[in-house]
Number of protein chains: 4
Amino acid sequence: MTSSPRSVRVAIVGASGYSGEELVRLLLRHPHAELVAVTSRQSAGQTISQVFPRFATHPLARSLRFTDPDTAALAREAEVVFLALPHGVAAEYAIPLLRSGCRVIDLSADFRLKSAAVYREFYAHDHPAPDLLAQSVYGLPEVHAEAIRGARLVASPGCYPTSILLPTLPLLRDGLIRPSGIIADSLSGVSGAGRKAEVDYLFCECNESVRPYGVPKHRHLSEIEEQLSAAAGVPVVIQFTPHLIPVNRGILTTLYLAPSRPFATPDEVAALGAEIAASYARAYVGAPFVRVLEGKALPDTKNVVGTNVVEIAWRLDPRTGRLIVMSAEDNILKGASGQAVQSLNLMCGFPETSGLA
Amino acid sequence: MTSSPRSVRVAIVGASGYSGEELVRLLLRHPHAELVAVTSRQSAGQTISQVFPRFATHPLARSLRFTDPDTAALAREAEVVFLALPHGVAAEYAIPLLRSGCRVIDLSADFRLKSAAVYREFYAHDHPAPDLLAQSVYGLPEVHAEAIRGARLVASPGCYPTSILLPTLPLLRDGLIRPSGIIADSLSGVSGAGRKAEVDYLFCECNESVRPYGVPKHRHLSEIEEQLSAAAGVPVVIQFTPHLIPVNRGILTTLYLAPSRPFATPDEVAALGAEIAASYARAYVGAPFVRVLEGKALPDTKNVVGTNVVEIAWRLDPRTGRLIVMSAEDNILKGASGQAVQSLNLMCGFPETSGLA
Amino acid sequence: MTSSPRSVRVAIVGASGYSGEELVRLLLRHPHAELVAVTSRQSAGQTISQVFPRFATHPLARSLRFTDPDTAALAREAEVVFLALPHGVAAEYAIPLLRSGCRVIDLSADFRLKSAAVYREFYAHDHPAPDLLAQSVYGLPEVHAEAIRGARLVASPGCYPTSILLPTLPLLRDGLIRPSGIIADSLSGVSGAGRKAEVDYLFCECNESVRPYGVPKHRHLSEIEEQLSAAAGVPVVIQFTPHLIPVNRGILTTLYLAPSRPFATPDEVAALGAEIAASYARAYVGAPFVRVLEGKALPDTKNVVGTNVVEIAWRLDPRTGRLIVMSAEDNILKGASGQAVQSLNLMCGFPETSGLA
Amino acid sequence: MTSSPRSVRVAIVGASGYSGEELVRLLLRHPHAELVAVTSRQSAGQTISQVFPRFATHPLARSLRFTDPDTAALAREAEVVFLALPHGVAAEYAIPLLRSGCRVIDLSADFRLKSAAVYREFYAHDHPAPDLLAQSVYGLPEVHAEAIRGARLVASPGCYPTSILLPTLPLLRDGLIRPSGIIADSLSGVSGAGRKAEVDYLFCECNESVRPYGVPKHRHLSEIEEQLSAAAGVPVVIQFTPHLIPVNRGILTTLYLAPSRPFATPDEVAALGAEIAASYARAYVGAPFVRVLEGKALPDTKNVVGTNVVEIAWRLDPRTGRLIVMSAEDNILKGASGQAVQSLNLMCGFPETSGLA
């Protein structure tokens, strides 16, 4: 980090939701990013600090005002634009922004899939810009760093997919687990549902409540399976069950995996365990935001909330022949806005941890 | 309680909110009430158990269906009708129901005041039926039991007023505190805001948050001051600050009161304390739902949530010359639906604790 | 329920924990039980209402005092004794009480297994009374009602086992699922850890946190597998992962099961689904505390907390060939004290729902 | 910040509690502080990242190990030592550290009072080092910045006092409120009770619960009254009621104050309001961590948790003649560790916001 990186002008479209708010927080204090525009129809005209009082200590928050989204204006002011919009809407902005020469980091699901047919199956409408699917890069920096560096359009992964892919991909690539029969059981904080006025997400409906939802075919399955299939070299179909739990932030995922070879004796357990540990070490040795736990420690969302880190721990169970892998992340940071900024850092040649440490 | 009381036919108008749901729960299992109708525009056509799965073990919940509110039909079926509606709306139903001979227990603020002018000042519109204000009875059973027994229209008190009036009225009536300078600082669970789809009451907006609101002139002030004034025999103006805290249910009120006479020495403290204790004992000796704590115990909402009880404790502070009184209640039970059923019991000659123990 | 059942004298040993407190609540208001003794070393000498202010409205709570546990005294006073003690300790009380002619309902794990060897494997010490294992009855009323009716020693099931066994046993008995490969992923409220002064269960350590624990070999596995094996007729080994979530009460279990025959076409899905529905209907047609959800509804702990009900829903996933079954219960009621009272009702010939509705 | 400030070597004694953990977090990333030692009897021998996994991304956290506290070793290594110890214990460390030439920032109550007699009255034992009381500086940077800059011993204020003093002192100094009759009603998150294994602070005892405690004479009264008296020039006695609410962090204080002159007409309200606004502006114009809210905004702990900011809002109530002032802070940051680092910055000539923005 000897030469001081230049600064990049960035904008956020749709900055009034939870992911947008977190992008504002991260980019206000990013050492190499200059926040030049934030848009939100409902907040247009107000300063950042009027909408989000907790940022008021930052001078820019007291002067920069939300505007109505205008892609021509955005393209003039910003070099990189973050889209924190609902799926289906993001594409409408990405298309003109890309045409105007902006680089785009999209936090929605619009460009995460390579297949327009799979998009239609899971999102129930035609993809608005199928030609862009080929050039978009799936923004998981621990896996696609090189492609992200050169990308003009980054599709930042979903929160659940991040918590499932990072613990699974190395083992699949290294042939340590079978690609069939994967089960992912995930627990998410309520911010994952967004800042939407719906009775289901009222305090009294979520507090003292735990419930599964979207069983058995959640939309995030599509991008998870596409990424897993690419790593495995064969089509992968997984079981995924999300649950809503009463915390603001955090996803805890428990994965049930089948090792490729049997293990029963202590020696076999130790040998397979060493290979699993080595696989994770190879994959994440230089990864600043992946923490593979050792000893008796198990993931706990409270150890990662507020950070861009994903915690991973694993256990071999000789009773059942299964490998249990558990991960924890902050759904709004590593699961959304933090990971998007991590991609920004790669795209602009900044240190990967800039603004995230 | 030697003779078995007859049963009364009851209906609930507006049964899909938190107070309405609690009325359903209480009346389904009430030994002397027969629930004959529940209305809700949004749930019309569904059975109680479809709307509220937790009641499904009760046979009636599986057969009784929500209907659109129709006062003529209600008047044919029910002898007593509970109104769990927003203020302003309740009156529209009360008027024809009373005319048809029903007795009405209204949980809204519509009939709590004697003065239509005060109603207009605090609720910002003209009272829809000012002539009914004279005949309505303020449904605080520990204070107005006799009037409630004979009432045709009971205005069940607000949640905050209940938590403030029960600890204050005896001391005021007995002249132990001065009527001026009363401060009530109240903390309420989020269910007090109702089952409304508003961003302010989303889980992530309330969890890990505490905030005052409605400062300094909350609507409940009007009924609190009217009741206190009646007890004191002089106009009483109080300071009231409500706060929203992240619990589903419960109100904790801390009252700052000025005893009528000074106390400084241990003997004076003991003498005044004995009078305060005696005042509460006189007021609540036979009251099944008021618990004045002794010894070191202080109120805690978790000891009253799920019950119709209000807990009260008090401390004299010779350093400041003040009397601190604290109360805790379940805002949906003693603060709303439980208290309404308590009035039903009085109106129908049932034991006061029927369906509430 | 034509003849009025007589009343039974009951006692609770170890009544100061969460399960003990809930037993006190249930038995104080049970129409056919007379609570004659409650014991707790730490609370000896205090009345029930001093220890648990929320019961103070019940007259008996203001007069009955906690005593030190004394089996001779208990045997004189009580016909049925509930043991709400840690495992290993319960047996010390059960032995003399049974010898003195009391019937015992033990909420600990001491008598849940038939095999002393399995007990030693999972609980790390020799069983203190292996001869009693043969005569103890596993107190799951929906499965062992007949044996419970005649039992002198009932071993009330653990909270996790209840949430796993009730959804699984019918399908296993009817051969609809394979006995191998069962996965149970469970989420429990913090009361499951007991009222113990440990840093791990402090508010700030649990709030805004989700974490797995006891992976991969939790003690409850032993009783789950013993019951499943009995139903399947072959040894069953399952995968079980418990998680701690920030709610006071409630267990949500998600089960991953393999149907015995393939299903892919809509017709196959429908046919298999009909058999699953029929299996549950046969098993639980008269069961007052099992609610199999229909339509789009999924279990939610908030619909069962405060009740003795377990909610069950299931989904066939033709993409993966799996059956997903989800259950929700109150870990302290159906998972502990409520289920124990349900056994009491069977043992004494009371209606199964007495004191639980 | 033209000249780059040098770095200071700092140590933390008692780093395993909530305040200590937060000091670790702040000092690990402080641009001008080098953390050279952390002590904790219970964690001695472990690295910071073993005790606090969430800091593991910081290299120093993976190498620096907790040691047993040894004042001689600390004095050799560190220039400034933070004491995050219980009151009574802190003084034992402060005395030798000061003698060895270290500067000390004490987060306990040991050196907050000027009067050893008041200390004895409120803390029930003799002060262990009364001669140090004269030289200690009360570490409220917005009030005592000059003295803190030159201090060798800073007594960092309590969490409640900070939330009460910052909103009150300017008005008192400017004669806008009367020094008598002040009431402070405070709500605190559970972290304020420390990381202590006590049943009262278990998740299930705090969740879904709100309760007052320490009524009417909490220990923090002593330092609050001493500071208020100094500002008023007359002895000030206040009413203070703390409550425990189910959040991890945050204090919300509501103050009931009596303006020095009457106000009733809109003009009088406006004139007095202008003076209050001017008083706050004068006091906090350059204060980076005090935010006086404008318009309709009221303090909300969620807007300050995670920051070193205190939010203040006020309302004049012509109905009662009172001034209501509300404040919100993070009890562990502005109420403890953040404020201590703010003092460090002043003591060392660093920008006041270093490591806190």
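Quick rundown of the values:
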item	result
Ranked packing of A:274-282, C:296-304, most packed first, by mean Cβ within 10 Å	C:296-304, A:274-282
Note, ³J(HN,Hα) from phi for segment D:40-48, Karplus 6.51, -1.76, 1.60, rounded to Hz, x at Gly and Pro	5, 4, 6, 9, 3, x, 8, 6, 4
Rounded to the nearest 20 debye, dipole of the protein assembly as shown from Cβ charges on Lys, Arg, Asp, Glu	0 debye
Spacing of the two label points (7 Å from each Cα toward its C-beta) at B:Ala271 and C:Ala357, in nm	5.8 nm
Kyte-Doolittle at least -1.0, axis length at least 24 Å by Cα - qualifying DSSP helices, chain D	D:266-284
For C:Val292, residues with placed amide H under 5 Å, excluding near neighbours	C:Ile312
Sites A:Arg261 and C:Ala281, calculated FRET efficiency, Cβ-Cβ separation with R0 41 Å, nearest 0.05	0.45
Semi-axis lengths, Å, chain A, gyration tensor of Cα atoms, sqrt of 5 times eigenvalues	34, 21, 21
Amide H partners (placed H, <5 Å) of C:Tyr138, local residues excluded	C:Ala155
Whole-number percent relative contact order across segment D:72-194, with pairs defined as alpha carbons under 8 Å at least 6 apart	20 percent
Estimated FRET transfer efficiency when R0 is 22 angstrom, pair C:Glu198-A:Arg315 (beta carbons, to 0.05)	0.45
Sequence ranges A:283-292, A:134-143, ranked by mean other-Cβ count within 10 angstrom, highest first	A:134-143, A:283-292
Efficiency of FRET from Cβ geometry, D:Ala145 and B:Arg29, R₀ 56 Å, rounded to 0.05	0.30
Between segment D:251-323 and segment C:264-319, the Cα center-to-center distance that results, in Å	56 Å
Percentage relative contact order, segment B:1-51, counting C-alpha pairs under 8 Å, at least six apart	40 percent
Residues of segment A:23-43 with amide N under 17 Å of a point placed 7 Å along Cα→Cβ from D:Lys296	A:42-43
Local electrostatic count at B:Ile251 - Lys and Arg +1, Asp and Glu -1, tallied over other residues with Cβ under 14 Å	-2
Computed [θ] at 222 nm, helices only, for chain C once each DSSP H run of length n ≥ 4 contributes -39500 (n - 2.57)	-9500 deg cm²/dmol
10 Å Cβ neighbours from other chains, averaged over peptide D:177-187	3
Average beta carbon contacts from partner chains per residue of D:251-262, 10 Å cutoff	2
Position D:Lys196, label points 7 Å along Cα→Cβ, spacing to each other copy in nm (shortest first, one decimal)	2.2, 4.1, 4.5
Residues B:Leu176, A:Leu107 arranged by fewest to most Cβ contacts within 10 Å	B:Leu176, A:Leu107
Under Karplus coefficients 6.51, -1.76 and 1.60, residue-wise ³J(HN,Hα) of segment B:193-198 in Hz, glycine/proline x	7, x, 8, 10, 7, 10
Distance between modelled label sites at B:Arg219 and D:Asp68, nm, 7 Å Cα→Cβ extension	6.6 nm
Using a 7 Å Cα-to-Cβ projection, D:Arg76 label spacings across copies, nm, ascending	6.6, 6.9, 9.6
Rounded if a/c under 1.5, otherwise prolate or oblate - segment C:129-218, Cα gyration tensor axes	oblate
Whole-number percent relative contact order across chain B, with pairs defined as alpha carbons under 8 Å at least 6 apart	17 percent
Label spacing, shortest first and in nm, from C:Ala270 to its equivalents in the remaining copies (7 angstrom along Cα→Cβ)	5.8, 7.5, 8.5
Euclidean distance between Cα centres, segment B:26-104 to segment D:100-122, Å	64 Å
Other protein chain Cβ atoms within 10 Å, averaged over every residue that makes up C:336-348	0
Whether segment A:160-331 is rounded, prolate or oblate, judged on the alpha carbon gyration tensor where a/c under 1.5 counts as rounded	prolate
Residue-count net charge about B:Gly101 - beta-carbon cut-off 15 Å; Lys, Arg +1, Asp, Glu -1	+3
Residue exposure sequence - B:Asp106, D:Asp200 - by fewest surrounding Cβ within 10 Å	D:Asp200, B:Asp106
Shape call, the protein assembly as shown: gyration tensor on alpha carbons, a/c limit 1.5	rounded
Ranked list, fewest to most other Cβ atoms within 10 Å of each Cβ, for D:Met347, A:Met326	D:Met347, A:Met326
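Every read-out reported here was derived from the displayed coordinates using simple, explicitly stated rules and does not represent laboratory data. Here the structure is a predicted model, which is why all the values come from computation and not from measurement. Note: ideal-geometry Cβ built from the backbone for every residue, glycine included; neighbour counts use all protein chains shown.
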